[in-house]
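Notes to accompany the following structure.
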Amino acid sequence: MPIRGINISNISKDFPMSIKMKDKVVVVAGGASGAGLAVSRRAVAEGAQVHIIGRSPSNLGRAQGELGASVRTHVADLTVEADVESVIAAIPAIDHVVTTAADLAFKTFLQLDDADIERSFGAKFWGPVYLVRHAAPKLNAGGTITFVSGSAAYKATAGGSAVAAANAALDGLARTLALELAPTRVNVVSPGIFDSPTWDFLDNDLRKQTLESFGASLPIGRVGTVEEVADAVFFFMSNGFATGTVLQIDAGANA
Ligand SMILES: NC(=O)c1ccc[n+]([C@@H]2O[C@H](COP(=O)([O-])OP(=O)(O)OC[C@H]3O[C@@H](n4cnc5c(N)ncnc54)[C@H](OP(=O)(O)O)[C@@H]3O)[C@@H](O)[C@H]2O)c1
């Protein structure tokens, strides 16, 4: 019988995502902030059991305060394999792994030293490597891995060479993993500029001005939101036909 225009017998088709997320175990590396927090928030709302990984106990505590006590938090540095191994070992079964974590060095190439480049590859590339190494063997049937890279890989920006290389490395890694780890699905969301705490290093006026000016240069006239990035992550968690895909959501920056 239709209720508010929705045929209840078709409910799994009308609301495939919420039903698919109920009681699923979702690990979000970087989930205490920005796009990762938006993924965690929505996963909790859809009934998933969420585990958040980050370095800062206070950021994790703040996220748990917002999302509720059902969320498990894990203090770990993604650049340290032993940290990642012990977090993953503590979670008995996992359905979805998402990593949004990044700690990047923006400098022109001739100013970059090895430590800057290692920093950019740390959470962004080695984090996913360690997560996949330890989580992939224990993913449940129907499991997914989603990396968040970034449009710096496709749209050159002065000062972004190390970041571009780290993002591009993730895109390449995911395509091979989609083949090797199948039927686990492995995908990448590559966002353009979006409003998140990553921009909080700028003072309020400059932050607003910078994001507005980026936005004005784009076909849709604005930068993205954390929810829009999370939405793309949810697409990959729920769409059983998508694997080895890099989804660029960048307001048409490359159009
Ligand atoms: N925001 C943008 O405009 C933009 C544009 C293109 C691409 N991206 C990409 O989109 C993703 C999400 O960005 P965002 O702006 O939402 O991020 P964000 O708010 O800056 O959050 C990054 C998260 O990563 C965690 N993290 C960093 N290094 C870590 C490490 N070594 N171990 C564990 N956790 C670590 C941080 O927590 P702790 O510091 O507590 O560890 C934080 O929770 C990133 O990969 C970013 O590069 C962002």
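Points to keep in mind about this one:
- Of all residue pairs spaced 6 or more apart or on separate chains, those with beta-carbon atoms under 6 Å, a first member in the stretch 148-172 that is on the phi > 0 side of the Ramachandran plot and a second member that is among the charged types (D, E, K, R) and surrounded by fewer than 20 Cβ atoms within 10 Å (Cβ to Cβ) are Gly159/Lys107.
- Taken over the stretch 78-98, the criterion of being within 13 Å of the ligand (Cβ to nearest atom), surrounded by fewer than 18 Cβ atoms within 10 Å (Cβ to Cβ) and either part of a loop (DSSP other than H, G, I, E, B) or polar (S, T, N, Q) (or both) is satisfied by Val80 alone.
- The sole residue among Thr144, Thr100, Thr108 that is over 26 Å from Val44 (Cβ atoms) and polar (S, T, N, Q) is Thr108.
- Whenever a residue of the stretch 104-130 is surrounded by fewer than 17 Cβ atoms within 10 Å (Cβ to Cβ), its partners that are assigned to a helix (DSSP H, G or I) and of a type in the set (Ser, Thr, Tyr), lying with C-beta atoms within less than 6 angstrom and at least six residues away or across chains, give the pairs Phe109/Ser161.
- When Thr73, Thr100, Thr108 are checked against the criterion of being touching a Leu at 6+ places or on another chain (Cβ under 6 Å), of a type in the set (Ser, Thr, Tyr) and at pLDDT 95 or above, a single residue qualifies: Thr73.
- The residues of the stretch 62-77 that are in a helix (DSSP H, G or I) and away from the ligand (no atom under 14 Å from the Cβ) amount to a single one, Gly65.
- Output for the stretch 194-214, where each listed residue is surrounded by fewer than 17 Cβ atoms within 10 Å (Cβ to Cβ) and either within 11 Å of the ligand (Cβ to nearest atom) or under 23 Å from the mean Cα position of the chain (by Cα) (or both): Pro197, Thr198, Asp200, Phe201, Leu202, Arg207, Thr210
- Residue list for the stretch 154-163, restricted to those being within 13 Å of Ala102 (Cβ to Cβ) and within 11 Å of the ligand (Cβ to nearest atom): Gly160, Val163
- Selected residue (criterion: nearest to the chain's Cα centre (by Cα)) from residues of the stretch 29-57 that are part of a strand (DSSP E or B) and more than 8 Å from the ligand (Cβ to nearest atom): Ile52
- Test for Gly143: is it within 12 Å of the ligand (Cβ to nearest atom), in contact (Cβ under 8 Å) with a residue 24 or more places away in the chain and surrounded by 18 or more Cβ atoms within 10 Å (Cβ to Cβ): no
- Of residues in the stretch 99-136 being assigned to a loop (DSSP other than H, G, I, E, B) and near the ligand (Cβ under 9 Å from one of its atoms), the one farthest from the chain's Cα centre (by Cα): Leu104
- Test: residue in the stretch 34-41 that is under 21 Å from Ala82 (Cα atoms) and either touching an Asp or Glu at 6+ places or on another chain (Cβ under 6 Å) or modelled with pLDDT of 95 or more (or both): no
- Residue within the stretch 248-255 that is in contact with a helix residue (DSSP H, G or I) (Cβ under 9 Å, 6 or more places away or on another chain), modelled with pLDDT of 95 or more and under 18 Å from Pro128 (Cα atoms) present: no
The values are calculated or read from the model by the stated rules, or taken from the named source; none is laboratory data. Quick caveat: nothing in here was measured; it's all calculated off a predicted structure. For neighbour counting, all protein chains shown are included, and Cβ atoms are generated from backbone atoms with ideal geometry for every residue, glycine included.
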